[in-house]
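The values are calculated or read from the model by the stated rules, or taken from the named source; none is laboratory data. What you see is a predicted model; the values in this text were computed from it and never measured. Using ideal geometry, Cβ is built from the backbone for each residue, glycine included, and neighbour counts are taken over all protein chains shown.
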Amino acid sequence: MKKIILPSGFTFDYTNLFTAWGVTEADVHTYFDLIANAVKAATRVRLTGVVEGHLSKDGAPEAVLFPQLPYIEDTHLNNEAVLQRLINLGQHAKESVDAVVSFGIGGSYLGGKVLFDVHCGEFWNQKTVAERDGYPQLYFSGNNVDPLRTNELIATLKRSASQKGADFTVMLILISKSGSTIEPMSNFMVVQEALLAAGINVEVVAVTDPRDDEKETLLHKLAVQQGWPIFAVPDGVGGRFSVFTEVGLIIGAVIGFDIRAFLEGARDMDKACQSGDMLKNPALLNAILKYIGSEKYGRIIEIMMPYGDSLKSLAEWYVQLLAESLGKKQSKGKGRYGRTPVVAVGTTDMHAQTQEHQEGRLNKIVTFVKVKDWETKAIVPHTYDEYKTLKAFSGLDLGAILNTALEANSEALTGDERFNITFELPTVSAYHLGEFMFMLCWSIFYEGQLAGVDAFDQPGVEVYKKLLGPKLAEQQGE
């Protein structure tokens, strides 16, 4: 078995990828100089914030600051004053707010959704106030412009208000760096107007660019005019990395998620990812194996397959992280790079996708995510032991069945020499979630360096935005 095991128990099992029939040691030696340069680039960005060739969408040099995020220091984006404001907001929500609606899209939605799903679970909003430890219900909006869902959300909030029979307060968290992002802003305006018209108490919190100079954003200006509290969408941290900033942490604050433990896990992983030895650095090794798998062996699709429903949004967050970071034109006219991410959930997609994984084209790497200990039990009873097929799994814990299914899937793929790896989290906790997500951030950095792409811009996203504005103006004219 080939594994990196960190002191926390976090494990990266790469046995079924770094092998005689997969990526080989000889392959790695071929890319030795490229790997060494990637390690040097990581050291440089840690010390200076500089990534060679990276510019903002305005064409100006821009620092890359995600490496500092796990470290709570006075001069950093995350400092004690920032954390205390978040904690204070969470306490206010616990004491005075009945429901929160978060409006954001892309990283402003996906990161917070991971924290919510892991900490709260699917049925949070159906729990009693006592079961939520006093924290409010939480809903997400603004991640699409779906009129049906938006009206259903409004109806749900009105129903909750009528059931309480007293003052009902909704906090609207509006997340947009510019304030002109169509999806969150349009949904926010629809929901705010509907709730006010229904006589529901509404509070608004803005998460936006904090500058108040000549570059002040629309949302910042609006927040100042309306007297809304303002939290920061910082420069130097792209949306897909922003779960470790106020953008994601504000969602954690209003649900009682352990923000400090989350950042502590990220910090400890960051230290592991500083090693120049790929067999000690899980992010570097992950990047090397997937880059070589893509470029030499044509494995250009990555199936991100966590086993557990609460981790599906983790895979969805990773889709943006990978696709928006690495699907780019390469530097120096080399061509184009990119690997296509696909969300799968075990065991659900063992019945939906695995047929293709097992017998389809040899163009995939399957990344399994395993939870060693779910810290909760659900034992299958011996209700129908007279039936042999049902007796076969009676008496077993659902968590054990889940992990055994993962092992069977991995073994089946390996038996046909199909590339797969497994990340194992000791438990689903804020600490281990911070570890894993930050490892994936660093892995994307390293792979961007190997591939010769700027992992921190998104020029392809800007193309459709330039076309959308004029088209909407045409709609208004009609």
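General observations
Let's see how each residue does on (1) surrounded by 20 or more Cβ atoms within 10 Å (Cβ to Cβ); (2) free of Cβ contacts under 8 Å to residues at least 24 places away in the same chain; (3) more than 20 Å from the chain's Cα centre (by Cα):
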| residue | (1), (2), (3) |
| --- | --- |
| Val82 | no, no, yes |
| Gly104 | yes, no, no |
| Gly111 | yes, no, no |
| His119 | yes, no, no |
| Ser141 | yes, no, no |
| Ala161 | yes, no, yes |
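- The set of residues in the range 215-239 being part of a helix (DSSP H, G or I) and over 24 Å from Asp454 (Cβ atoms) consists of Leu218, Leu219, His220, Lys221, Leu222, Ala223, Val224, Gln225, Gln226.
- Scoring Lys94 on the criteria (1) exposed (fewer than 12 other Cβ atoms within 10 Å of the Cβ); (2) modelled with pLDDT of 95 or more leaves a single failure, condition (1).
Residue by residue, here is whether (1) surrounded by fewer than 17 Cβ atoms within 10 Å (Cβ to Cβ); (2) in contact with a Leu (Cβ under 7 Å, 6 or more places away or on another chain); (3) among the aromatic types (Phe, Trp, Tyr); (4) part of a loop (DSSP other than H, G, I, E, B) holds:
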{"position": "Leu153", "(1), (2), (3), (4)": "no, no, no, no"}
{"position": "Leu172", "(1), (2), (3), (4)": "no, no, no, no"}
{"position": "Asp213", "(1), (2), (3), (4)": "yes, no, no, yes"}
{"position": "Phe241", "(1), (2), (3), (4)": "no, no, yes, no"}
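- Yes/no for Thr217 being modelled with pLDDT under 95 and polar (S, T, N, Q): yes
- Within the range 92-122, being of a type outside the set (A, V, I, L, M), in a helix (DSSP H, G or I) and touching a helix residue (DSSP H, G or I) at 6+ places or on another chain (Cβ under 9 Å) holds for Gly107, Ser108, Tyr109, Gly111, Gly112, Lys113, Phe116, Asp117, His119.
- Residue-level check: of (1) over 20 Å from Glu295 (Cα atoms); (2) in contact with a Pro (Cβ under 9 Å, 6 or more places away or on another chain); (3) surrounded by 17 or more Cβ atoms within 10 Å (Cβ to Cβ), Asp373 misses just (3).
- Restricting Asp373, Asp385, Asp416 to those that are touching a residue at least 40 places away in the same chain (Cβ under 8 Å), farther than 27 Å from Glu359 by Cα and charged (D, E, K, R) reduces the list to Asp373.
- Put simply, of Glu417, Glu359 the only residue that is surrounded by 11 or more Cβ atoms within 10 Å (Cβ to Cβ) and of a type in the set (D, E, K, R) is Glu417.
- Any hit, the range 62-77, residues being of a type in the set (D, E, K, R) and under 30 Å from Leu157 (Cβ atoms): no
- The range 174-211, subset part of a strand (DSSP E or B) and under 27 Å from the mean Cα position of the chain (by Cα), residue farthest from Ile154 (Cα to Cα): Thr208
- Test result for Leu89, outside the structural domain of Cys273 (by TED's automatic domain parsing), in a helix (DSSP H, G or I) and touching a strand residue (DSSP E or B) at 6+ places or on another chain (Cβ under 9 Å): yes
- Complete set of residues in the range 325-335 that are of a type outside the set (Ser, Thr, Tyr) and more than 29 Å from Pro306 (Cβ to Cβ): Lys329, Gln330, Lys332, Gly333, Lys334, Gly335
- Helices (runs of 4 or more DSSP H) (entirely within the range 388-478) containing at least 1 residues that are among the acidic types (Asp, Glu) and either touching a helix residue (DSSP H, G or I) at 6+ places or on another chain (Cβ under 6 Å) or at pLDDT 95 or above (or both): 398-415, 430-451
- Which listed residue is more than 21 Å from Phe66 (Cα to Cα) and outside the structural domain of Asp212 (by TED's automatic domain parsing), from Ser294, Ser275: Ser294
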